[in-house]
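The values are calculated or read from the model by the stated rules, or taken from the named source; none is laboratory data. For clarity, every value in this text was computed on a predicted model and none was experimentally measured. Positions of Cβ are generated from backbone atoms using ideal geometry, with glycine treated the same way; all protein chains shown enter the neighbour counts. Please note that ligands, DNA and RNA were not included when accessible areas were found on the heavy atoms of the full protein model with its side chains. Shrake-Rupley method; radii C 1.70, N 1.55, O 1.52, S 1.80 Å.
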Amino acid sequence: MTVMTFALSVHRTTTTDPLARPLLDELAHEYTTRYGSALARRVLTVLEREAAARGYSRLCLTTGPRQPEAKGLYLASGYRPLFDVSADPESIGPLPFEKFLETPRP
């Protein structure tokens, strides 16, 4: 029997690290693919509720041009695109969205 051992090292990185970018993109894709939009929608709902409870009246979110799932989620969740949706996303860069929140009444 052959036993294989592996060493794993973890390094702190940022989203702007060019060496980390492909891995971060793949993790985002895997998360969306594995857990689907139902979980993403629930997370977004909690984010909106918490923001409103803390007095925020508007949320601004961005996604990348190669994240059509996120773009679809934001549009389906009532976010207004702050860009021309008919334009090629690659020509725009980051895709900004906004949504005005209903503030809870005491």
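Quick look at the values:
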{"read-out": "From the options P68, P22, P18, residue that is at pLDDT below 90, within 13 Å of the chain's Cα centre (by Cα), farther than 27 Å from E102 by Cβ and open to solvent by 80 Å² or more (accessible area, probe 1.4 Å)", "value": "P68"}
{"read-out": "Residue ID - nearest to the chain's Cα centre (by Cα), chosen from residues in segment 46-65 that are assigned to a helix (DSSP H, G or I) and of a type in the set (G, A, S)", "value": "A51"}
{"read-out": "Test: P89 is surrounded by 15 or more Cβ atoms within 10 Å (Cβ to Cβ) and either touching a residue at least 12 places away in the same chain (Cβ under 8 Å) or in contact with a helix residue (DSSP H, G or I) (Cβ under 6 Å, 6 or more places away or on another chain) (or both)", "value": "yes"}
{"read-out": "Index of the failed condition, A76 passing every other in (1) at pLDDT 90 or above; (2) surrounded by 13 or more Cβ atoms within 10 Å (Cβ to Cβ); (3) touching a Lys or Arg at 6+ places or on another chain (Cβ under 9 Å)", "value": "(2)"}
